[in-house]
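> I'd like to ask some things about the structure below.
The values are calculated or read from the model by the stated rules, or taken from the named source; none is laboratory data. In this text the structure is predicted, and so the values were computed from the model without any measurement. Glycine gets a Cβ as well: all are built from the backbone with ideal geometry, and neighbour counts include every protein chain shown. Side chains included, ligands, DNA and RNA excluded: accessible areas come from the protein's heavy atoms. Shrake-Rupley method; radii C 1.70, N 1.55, O 1.52, S 1.80 Å.
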Amino acid sequence: MNQQQPPKPHQPLVTHIFTADPSAHVYEGKIYIYPSHDLDHDEPSNDNGDQYKMEDYHVLSMDNFDSPVVDHGEALHLRDIPWASKQLWAPDAAYKNNTYYLFFPARDHDGIFRLGVATSESPAGPFTPQPNYMEGSFSIDPAVLVDDDNKSYIYFGGLWGGQLEKWQTGSFLPDAEGPAPDQPALGPQVALLSDDMLSFQGKPAEISIVDEDGNPILAGDEDRRYFEGPWMHKYNGYYYLSYSTGTTHKLVYAIGKNPMGPFTFKGEILSPVIGWTTHHSIVKVEDKWYLFYHDSSLSEGVNHKRCVKYSELKYNEDGTIQKINPYPDAE
């Protein structure tokens, strides 16, 4: 177990390991963060994401924002997951049935990304994985919402290395490409989870993201179209779907009245950070809201050596989110 000093906004939560893709939750009165764990290597990068070689997960926690950050050590490792071959990318956690669930993507033994789930009696782990991946699952970046009516939804999907465009027919086509720039962009997938949280209820469905006039966001609209990293939270009766635009390196959001969509695009949450990827979560802690995100500042810009940070997130009276500058000290 490793302890780091209390974090300051826009500064790395931990510096002893590289972390990314933080999914933050409040459990048992503490803040728990479930990041991916970047390996410290110097191999080249490519669009397939081969540089992101993550092999395990560490769980971080803190009592509050004035307390030290605790690294609870290895919570799950690739070697313990029978169906997985490599790349434990961005995870999420959920609590239901007096059980903590860790949802994660990995490549199966055919090189196809699937989603897995592991369980624990403690929010800090360790987590015990199910022997097989979730049937019907594909792509990356699972995020789970346990709604107020106790129904649970899983959101997922990422382009390029995340293989989302390979599944447009319902089957994996290794050479498939995404839609033309003037066609509707691919949305993230959503599925209702079974009561035991271990499987999908029915087939996943694509989420529709539209503009203020109800027209689909187009694949060529890289400032607004979905790329990866979905997150779902609720505020004042609305569902907020936030995600990364990938190539334009923004975190943006859309809102709707139904957890399965459609969602109307509203705007930007976080300006581009140092490094190529951007990935986040949004959580309420007591009476304030916070954005957890990552950048590559700890490694001075190496895309696959990232660090997790946080910032307070504020809403306007109309429910829109105030855009955050990740580097306020540079202003």
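> Can you work out the FRET efficiency for the pair Q168 and K30, with r the C-beta to C-beta distance and R0 = 51 Å, to the nearest 0.05?
Step by step, r from the Cβ atoms, then E = 0.80.
> Loop only by DSSP, 16 or fewer other Cβ within 10 Å of the Cβ. Give me the trypsin sites (Lys or Arg not before Pro) in segment 78-168 that pass, ordered by residue number.
Sparse-neighbourhood loop trypsin sites (Lys or Arg not before Pro): K151.
> So how exposed is S199, as accessible area in Å² (1.4 Å probe, rounded to 10)?
50 Å²
> If you project the alpha carbons of segment 78-141 onto the principal axes, what extent comes out on each, in Å, largest first?
Ordered largest first, segment 78-141 gives principal extents of 34, 21, 19 Å.
> Whole-Hz ³J(HN,Hα) for each residue in segment 127-144, computed from phi via Karplus 6.51 cos²θ - 1.76 cosθ + 1.60 with θ = phi - 60°, x for glycine and proline: what do you get?
10, 9, x, 5, x, 10, 6, 5, 4, x, 8, 6, 6, 9, 6, x, 9, 10
> Specify the inter-centroid distance of segment 278-331 and segment 1-16, based on alpha-carbon positions, in whole Å.
15 Å
> So which residue, out of D40, D149, D141, gets the largest mean-square fluctuation from a GNM of the chain using Cα contacts under 10 Å as springs?
D149
> I would also like to ask the following. Can you run phi through the Karplus equation (6.51, -1.76, 1.60; θ = phi - 60°) for segment 255-260 and list ³J(HN,Hα) in whole Hz, with x for Gly and Pro?
10, x, 9, 10, x, 9
> So what are the ³J(HN,Hα) numbers for segment 60-74, from phi and the Karplus equation (6.51, -1.76, 1.60; θ = phi - 60°), rounded to whole Hz, Gly and Pro as x?
10, 8, 8, 5, 6, 7, 9, 10, x, 8, 9, 9, 7, x, 5
> While we're here: What is the set of long-range amide H partners of S208 at a cut-off below 5 Å, with H atoms built 1.01 Å from backbone N?
When sequence neighbours closer than 5 places are left aside, the close amide H contacts are F263.
> When the distances between all Cα atoms of the chain are binned every 20 Å from zero, what whole-number percent does each bin get?
34, 62, 4
> As a test of reading the structure, rank D295, D195 by solvent-accessible area (1.4 Å probe, protein chains only), most first.
Reading off the accessible areas and sorting them downward yields D195, D295.
> Cut-off 19 Å, label point 7 angstrom out along Cα-to-Cβ of M1: give me the residues of segment 61-80 whose amide nitrogen falls inside.
61-76
> How large is the accessible surface of H249 in square angstrom, using a 1.4 angstrom probe and rounding to the nearest 10?
Per-residue accessible area (H249): approximately 50 Å².
> Pick out, in residue order, every one of the GluC sites (Glu not before Pro) in segment 171-278 that is DSSP loop and has at most 12 other C-beta atoms within 10 Å; say none if there are none.
E177, E212
> Which value in Å is the Kirkwood Rh of segment 158-201 over different Cα pairs?
12.2 Å
> Which value in nm describes the separation of the simple spin-label points at S271 and H41, placed 7 Å from the Cα toward the beta carbon?
So the label points at S271 and H41 sit 3.5 nm apart.
> Something else: Given H placed 1.01 Å from N in the peptide plane, which residues other than close sequence neighbours of G267 have an amide H under 5 Å from its amide H?
Residues meeting the criterion, in which the H sits 1.01 Å from N, are Y253.
> Continuing with the same structure: Ranked by accessible surface with a 1.4 Å probe, highest first, in what order do E312, E286 come?
From most exposed to least exposed: E286, E312.
> At 1.4 Å probe size, what's the solvent-accessible area of K30? Round to the nearest 10 Å².
Rounded to the nearest 10, that gives 80 Å².
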